[in-house]
Amino acid sequence: SSLVEILLQLTRAFAQLQRQQTRVANQLRQVLKQYYPVALELFSDIKTNIALAFLQAFPTPQAAHALSFEQLTDFLRTQHYTHRRRVGHIYHQLQTLSPTATVWQGAEHHALALVPVLQTLNQQMVQLKREILQTFARHPEASWWQALPGAGQLTAPRLLALIGDNRAVFPEAEVLQAHAGTVP
């Protein structure tokens, strides 16, 4: 159906954005390893919005080291950081001196150039995910696909998009298995 075709296009676009996000995040990790390795340890992942906001606000180890505990707490509060118990640990990591590059200005500019790219990708992925879920919810078989064991929030729409809703294509379960590559 046309709804499944739209869903297929949306899920492919989402997968492409995920790959692009991974590429840019890996570039940022490599740059940060050169001059600001502690930034990689502060938050769960460097591509999260809080980590990117922190890099924008404190792009060098020197800027982060100069933060007081209150300034860090205020920054995290304005960013709606929910892991309050980790604030002391983050502050301790920032205050612990670690080796840094003697010339880091070029790396800083490179990192600051990658941050808005990741922020944009994050925003677009949120919007695309919302569109996938809305499109999927309009399909008459959506609840059936969601009921499949292990079908997560995006897995069910991806399965529907890849398999389709034309039952004549797969008259028997073995045909679908062969298509999926699970039959010897």
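Observations on the structure shown:
- Looking across 137, 147, one residue alone is more than 21 Å from the chain's Cα centre (by Cα), open to solvent by 40 Å² or more (accessible area, probe 1.4 Å) and at pLDDT 90 or above. It is 137.
- Positions within segment 116-158 being free of Cβ contacts under 8 Å to residues at least 60 places away in the same chain and of a type in the set (A, V, I, L, M, F, W, C), in sequence order: 126, 133, 137, 142, 144, 145, 147, 148, 151, 156
- Of all residues in segment 21-44, those that are touching a residue at least 40 places away in the same chain (Cβ under 8 Å) and open to solvent by less than 10 Å² (accessible area, probe 1.4 Å) have Cβ atoms under 8 Å from Cβ atoms of residues that are outside any helix (DSSP H, G or I) and of a type in the set (A, V, I, L, M), 6 or more apart or on another chain, in 25/46; 28/46; 32/46; 35/101.
- All positions within segment 80-92 that are surrounded by 15 or more Cβ atoms within 10 Å (Cβ to Cβ) and either among the polar types (S, T, N, Q) or in a loop (DSSP other than H, G, I, E, B) (or both): 81
- Yes/no for residue 42 being over 30 Å from residue 11 (Cα atoms) and not in a helix (DSSP H, G or I): yes
- Among the candidates 20, 16, the residue that is farther than 17 Å from residue 93 by Cα and touching a Leu at 6+ places or on another chain (Cβ under 7 Å) is uniquely 20.
- Just one of the numbered conditions (1) surrounded by 13 or more Cβ atoms within 10 Å (Cβ to Cβ); (2) of a type in the set (A, V, I, L, M); (3) without any contact (Cβ under 8 Å) to a residue 40 or more places away in the chain is not true of residue 161: (3).
- Given (1) more than 21 Å from the chain's Cα centre (by Cα); (2) loosely packed, with under 12 Cβ neighbours inside 10 Å, number of the condition residue 130 does not satisfy: (1)
- Within segment 164-178, the set of residues being surrounded by 13 or more Cβ atoms within 10 Å (Cβ to Cβ) and not aromatic (Phe, Trp, Tyr) comprises 164, 165, 176, 177, 178.
- A Cβ distance below 7 Å, combined with a sequence gap of six or more or placement on separate chains, defines the contacts here; from segment 86-112, residues that are modelled with pLDDT under 85 reach residues that are among the small types (Gly, Ala, Ser) and open to solvent by less than 60 Å² (accessible area, probe 1.4 Å) in the pairs 101/107.
- Within segment 59-76, the only residue that satisfies the criterion of being aromatic (Phe, Trp, Tyr) and either within 18 Å of residue 32 (Cα to Cα) or open to solvent by 30 Å² or more (accessible area, probe 1.4 Å) (or both) is 69.
The values are calculated or read from the model by the stated rules, or taken from the named source; none is laboratory data. Just so it is clear, the structure is predicted and the values come from calculations on it, not from any experiment. Note: ideal-geometry Cβ built from the backbone for every residue, glycine included; neighbour counts use all protein chains shown. The area values use the complete protein model at the heavy-atom level, side chains included, leaving out ligands, DNA and RNA. Shrake-Rupley method; radii C 1.70, N 1.55, O 1.52, S 1.80 Å.
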